[in-house]
Amino acid sequence: MIGIVVLGIIAAVAAPAFTDMLNRRRVQAVATGISTDLAYLRAEQSVRPADLIMWVNGDPVGTQVSCYAIGIKSTTSSCDKCWNTTGVCDDDKTLVRAERVPASSQVSFRVWSPDGAVPNFKFAQPRLVPTINNIFFDVCGSSRSSPRAVLRVELSSLGRASVCSPNGSMSGYGTCTIATEPQCPT
């Protein structure tokens, strides 16, 4: 009986730390996925004759999902509905890849640039540089954690993606090139 009580106390003490660890791992997984997809988009653009575009959801709060879609540019089609589970693109033939992070996972991201909103962008030929300079994906964990787990995926003007910790909440990551507060959805 005493053993069960002691085990219960240990579990009660360990549960918040375990939850925080899971939240940090989710943030790392989403940031790694974004970085990998940016590298994929750039590599695919180098071998495809048609333009590939990444559309991003600018309002993760309103749709309850953070998402992006990679698709082939078309005059008649757009892939700007990445939160929609049935029809991401107007023409399903243009979709290459879509990634959704539901709010229920307690991880969200916001895409921004010092130059303004980022509804979509591509890597322009022949140098494969982004059409918008300095694009940032701020991947944020649960707001109930203290400090809030945040990673930033920075896309440089040369088209290289790197992961950093803008507020120092995640050890093992370097400092970000732009020292601004994370743009976390509330």
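The values are calculated or read from the model by the stated rules, or taken from the named source; none is laboratory data. Just so it is clear, the structure is predicted and the values come from calculations on it, not from any experiment. Note that each Cβ is placed from the backbone with ideal geometry, even for glycine, and that neighbours are counted across all protein chains shown.
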**Message:** Just the residues that are crowded, with 21+ Cβ neighbours inside 10 Å and within 17 Å of S113 (Cα to Cα), please, taken from segment 133-149.
**Reply:** I135, F136, F137, D138, V139, C140
**Message:** Show the residue pairs meeting these rules: Cβ distance below 9 Å; 6+ apart or different chains; first residue within segment 172-186 and within 18 Å of S66 (Cβ to Cβ); second residue hydroxyl-bearing (S, T, Y).
**Reply:** P182/S169; C184/S108; C184/S143; P185/S66; P185/S108; T186/S143
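Hey, does segment 6-29 have a residue that's closer than 23 Å to F123 by Cα, modelled with pLDDT of 90 or more, under 19 Å from the mean Cα position of the chain (by Cα) and surrounded by 12 or more Cβ atoms within 10 Å (Cβ to Cβ)?
Initial filter on segment 6-29 (closer than 23 Å to F123 by Cα): none.
No, segment 6-29 contains no residue that is closer than 23 Å to F123 by Cα, modelled with pLDDT of 90 or more, under 19 Å from the mean Cα position of the chain (by Cα) and surrounded by 12 or more Cβ atoms within 10 Å (Cβ to Cβ).
Condition test on D138, is it in a strand (DSSP E or B) and free of Cβ contacts under 8 Å to residues at least 60 places away in the same chain? Write out each step before concluding.
On the way: in a strand (DSSP E or B): yes; free of Cβ contacts under 8 Å to residues at least 60 places away in the same chain: yes.
So D138 passes the test.
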**Asked** For G141, all conditions in the list (1) under 20 Å from I70 (Cα atoms); (2) in contact with a strand residue (DSSP E or B) (Cβ under 8 Å, 6 or more places away or on another chain) hold save one; what is the number of the exception?
**Response** (1)
